[in-house]
Structures are given as C-alpha cells and as structure tokens.
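Take a look at the structure set out below.
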C-alpha cells in the first residue's frame, strides 16, 4: 500500500493528533502496516546484511528473515544493492541484467521477498546500473566481431582523438572531453609489459620516454610530485633529477599499460596524463595529454573502448541522447527492467546518472525521461498503484542536481548530508531550515512534484559515525534531523546502529556487515577479511541495542514511528521559525490541518529559548534532555524535541 493512500486513510480515520512516542515504546512494538505513511527507505548491501545459509555471504533469504526488524524500524521500502549476476562482490559490474546472482539466491527467493515484504507494506527497489556493464558476454561479443549484435552496446573507437573531435562519440554529448574516465585498448598487440624499465618524464615538454634497463630497481619516492599509475602497483613516485625532469627505474608487471599523474588526491582538473589512443615505442618520447588521457600501452594499434570508471566496467552506448530509447542497448536493458517490474518491484535506484552522457545535464535528463516513461508504462500495465518510484544518483551539489528533475521524479540530495555534518561540526543550527528550503527551491522550476531523497551517508561515502567523530550524541542528532526533515528519508544499513568507517581504508570498511547478535556470525564472506572487528563488538549489535533504552537504534525507531503516524511530520510543508541562538534549529511542519514544531540543539551545551507563540505541552517524540517551563524550552546538548500544535 503506497504511503499517499495510507496518509489519506490516517486522516480519514481522524488522526488530527500525533500519537506521542517514546524511545521505549517505539522500540518495543511494530507499527500496523496500514499506519506507515512516512515513505522511509532502508538501504541494504545484500551481500553483508544477513546470511541465511551459513556460508558467510549475505543473501536474499537473509533479508526475508529480517523483515520484522525492518518493519519495526518503520521502513516502507528497501533499496537493494545490485542483485543481478555480476563479476564482483558489490554488484555494480553487471554481467546479466535478467538473472539473479546465484551467490545471493534465486528468482524464487526474490519473488518470496517481494511478496512477504508487500504483506508488511514494504516495497522493493532494485539498484539499476545503466552507465556501464561488466565485461561479460555482451562485451566479449562486441569486441571480438564487428558483426556482433552487441557491437553498438559499447563506446568503441579505432581513433578516440579523431572521433571525439569530430563529434562521433555519442555519450560525450558534444563535450570535448569527458568529466572522468579513460579509453582502454581491447584487442591487437600486447598492451601490457613485464620487465625492468626506466621512465624519464620531461614535464616541460609533457613527454615521457621509456627504455629497457639493467640498472637496479628503485623504490617509490614518498616525497614525489609526479607519479606513474601502473599495473597492480598503483602509484609509483618519480624522482626529480633536474629541473622539470623526473625519472625512475622499476620492475613493471602491467596488463594494461600506465598513466602519469600530477596529483594523487583527484583524477580531475587535468591531473591525469595519458595518450590519445596510440602505443608507446621504447626509446622514443611519447607526447602526453590530459584531455583524452587514454592508457599508455606497449602494443600496436587496436580498437579502444571508453569507461567512465574502472576498465572492468565499460560504458554502455545509447547513441544520440534525443533518440536513446531507439538504441539496442536501451531496448535490451528496458526489457530486463520489465521483467523485474512485472514480478512486483515498485522502484528503481539508478546508479551514476551523471556519467551516462558525461556530465551533460540536458542530455542525461533527456535519457532519464525516456527510461522513466518506459519503466513507468510497464508498471502501470502491471496494475501498479500511482507511479513507479525512481531515484537517481547524481553525486554532486544541489544546484547541479536540480536539472536532473526534468528526467526523474526523485534525486538523492547529497548537499543535505553535507549540510548536516557541517552544521553539527560548527554547532550552527539556526540556518538549517532556511538551507533545506533553499535546496527545495532549486528543484521546483524543474518539477513541481519532486521527491527530495534525503540521506546521511551511503555505501560510497565515509560513514556518518566517522564524519561525526564517532560521537553517539551527534549521530543521534543526525538521525533525528533526517527523520524530521521534509523529503523521503533513506537510512543506510548500520546507520541506525551507529556504525563508523572510512572509505580510504577500502570500500569494504564503509559497507560493514550487520551485527545481529552479540556473539553470532556476521555476513563478512564478501570482504576477504577487510572488516573492522573493533567496531563490530557485542554492544553495537541489534540484540544489545534493543535492550538499551538509550541506544541509537531505539532513537531511530522512535523517530521513525513518529514520522509514520504523524502526517505533518512526514509530508508537511516546512516553515522556518526564527532562532536567535546559533545552535538552535526551529521549524514547523504542516499538513492536512495538522502542525508540529521541531526543535534541535546542534551544540554541546544546553540552550534555552522562550516560544510564547507555540504550544509546548504535547511532545510527539524527543531525544536527549529537554524541559518546558512557562513557555520556555530548554534543550540539552544535541537534543531534539517535536511538539504538536
């Protein structure tokens, strides 16, 4: 049952007052499925959520077994990481869009999850990767024969520089260079090299000369300003031997070639230097460029393919964006989506939508509109209620996200989380509501009925707990903010338990397994030992936190319950309430004749303010210490309270 219908039922039933919720009550009971109106989505890394068969790997059945937990947390939808057949643990290099990864289960398992989740008013959203695929049968066929039916599925060129200059690379959408990514050789000649080589980089001339060497190999220069990016070794620091001349002798073992980098902190802004599609000849200076920046290989001429991300994930090609839906790649992927939508999937999360047409917002929005219309038509033909939900990942600030609303009903608001952590870090809350309203104003010109997908961290970012210094009070405040702000909130797996993790240690450390019991097993098999055992101690477990009245899990459940049962809190219009105290955020939410006052203290010291114009007698939900006396509200450090008006 969709949340809009539930809201109507709640209001029709006379829910003009929000039912007070405490952390104790909210954590001990499950809300009836016909009283969940908040549109809360829970993000799941399927491979690390729950292991149903004891093989150490999370699976679809594991999710089904924990639907009661997700229901009690107030979820009305689950966003699953890619579950289709793929090459890697994370699933973003799909090999077959129409089949389930056997490591995660079967189609029958997935259908069972859809059906049992529906019984609890929980929709299932699939992660769909449209920018690129893995290097599977499609890619092998496309690159082995010009007559392959999949030849048009990928961005291929025998001369990338000339084709880009002539506007023949459709997914550049007229851009002279991509926002990121590289050209990679796919056939012809030995593109890699194994042996000892000397590299001499002339930075003034932007050339590099490579020769065979019998000299002793050198270690990487830790103080380097220029680096080779080569094979499995990654970054190798060069030594400056004279002004503008950098050299090193190393043992090389690369199956793709190398690049030159002038920064290790970014791949953007001209810091990656490569070739224009040719191969290097030993002993001859090779001209570098930072526009095409194709891999510098050691083989002969060949065909190249483009990849926005890793070489293992070649970009898909949909042709000119205005007619993308006519391309064979679009039709084939849409047919795969049809299958899952007809099975009962009620939403899609689209990965990396900025890179389908290389950061060209109008081109991407045009493509996304075609994709959405096709999928929504299938959903409606199935008999789906309302419209299919679809949310895009445009990993950038709000102003650049806004134009994508021309193509999709919902986009992730990354600026929301960046604002939350910035304001908590600066103990400044009195402009928070104003900032959130500014975000929403950016979207309105593009889509009046936009769905702002608000979130804290996700599977590609440092964890919320990490960014907030592992401070439990700050993590609770962030969660309370998420569940009292306008929009459609997404809760990332483990966020409700106070997880932390840093991406620089490896993606695995921000995708940690759920800890269900104090001593029981965890679904860690996908990570090859890359897990933070120190974090995953007994007391961070679901079992322990359900027993702790002051846990972050109990707080999340209480605020989720309040949002689900209080239409003003879940779907209300936000209005800023002026606060003269830097740390204090105040706003109202109003819907269907119902209004609530929301208050949050962003600082580590108590705040106090008189609010004579507002009722402070009926608390809907709270976190931390607070009190009311003679129309004056006192909030303890990082505390939150919501009052019915």
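Give the number of residues within segment 67-84 that are outside any strand (DSSP E or B), without any contact (Cβ under 8 Å) to a residue 60 or more places away in the chain and farther than 11 Å from residue 128 by Cα.
The number of residues fulfilling the criteria is 4.
Do you know which residues across segment 488-512 are in a loop (DSSP other than H, G, I, E, B) and within 17 Å of the chain's Cα centre (by Cα)?
Residues of segment 488-512 that are in a loop (DSSP other than H, G, I, E, B), as a first pass: 493-494, 498-502, 506, 511-512.
Answer for segment 488-512, where residues must be in a loop (DSSP other than H, G, I, E, B) and within 17 Å of the chain's Cα centre (by Cα): 493, 494, 499, 500, 501, 502, 506, 511, 512.
Just to be sure, is residue 213 surrounded by 13 or more Cβ atoms within 10 Å (Cβ to Cβ), farther than 27 Å from residue 138 by Cα, at pLDDT below 95 and over 31 Å from the mean Cα position of the chain (by Cα)? Let's see the steps before the verdict.
On the way: surrounded by 13 or more Cβ atoms within 10 Å (Cβ to Cβ): yes; farther than 27 Å from residue 138 by Cα: yes; at pLDDT below 95: yes; over 31 Å from the mean Cα position of the chain (by Cα): yes.
Considered against the rule, which asks whether it is surrounded by 13 or more Cβ atoms within 10 Å (Cβ to Cβ), farther than 27 Å from residue 138 by Cα, at pLDDT below 95 and over 31 Å from the mean Cα position of the chain (by Cα), residue 213 comes out as yes.
Going by what's in this entry, would residue 48 be described as in contact with a helix residue (DSSP H, G or I) (Cβ under 7 Å, 6 or more places away or on another chain), in a strand (DSSP E or B) and at pLDDT 95 or above?
Values: in contact with a helix residue (DSSP H, G or I) (Cβ under 7 Å, 6 or more places away or on another chain): yes; in a strand (DSSP E or B): no; at pLDDT 95 or above: yes.
So residue 48 fails the test.
Any residue in segment 436-448 that is in a loop (DSSP other than H, G, I, E, B) and surrounded by 22 or more Cβ atoms within 10 Å (Cβ to Cβ)?
Taking segment 436-448 first, the residues in a loop (DSSP other than H, G, I, E, B) are 444-448.
Imposing the further condition that a residue be surrounded by 22 or more Cβ atoms within 10 Å (Cβ to Cβ) reduces the set to none.
No, segment 436-448 has no match at all.
Looking only at segment 605-624, filter to residues that are farther than 21 Å from residue 18 by Cβ and part of a loop (DSSP other than H, G, I, E, B); which one of those is farthest from the chain's Cα centre (by Cα)?
We begin by selecting, within segment 605-624, every residue farther than 21 Å from residue 18 by Cβ; these are 605-610, 612.
Those still in the list that are part of a loop (DSSP other than H, G, I, E, B) too: 605-606, 612.
Numbers: 605: 33, 606: 35, 612: 42 Å.
Within segment 605-624, the match that is farthest from the chain's Cα centre (by Cα) is 612.
Just checking, which of 527, 559 is over 22 Å from residue 480 (Cα atoms) and in contact (Cβ under 8 Å) with a residue 12 or more places away in the chain? Steps first, please.
Details: 559 fails: over 22 Å from residue 480 (Cα atoms).
Only one candidate qualifies: 527.
Looking at the structure I just gave you, is residue 206 in the same structural domain as residue 254 (by TED's automatic domain parsing), modelled with pLDDT of 90 or more and over 19 Å from residue 281 (Cα atoms)? It would help to see each step written out before you state the result.
Working: in the same structural domain as residue 254 (by TED's automatic domain parsing): yes; modelled with pLDDT of 90 or more: yes; over 19 Å from residue 281 (Cα atoms): no.
No.
The values are calculated or read from the model by the stated rules, or taken from the named source; none is laboratory data. In this text, all values refer to a predicted model and were calculated from it rather than measured experimentally. Note that we place each Cβ from the backbone using ideal geometry, even for glycine, and neighbour counts take in every protein chain shown.
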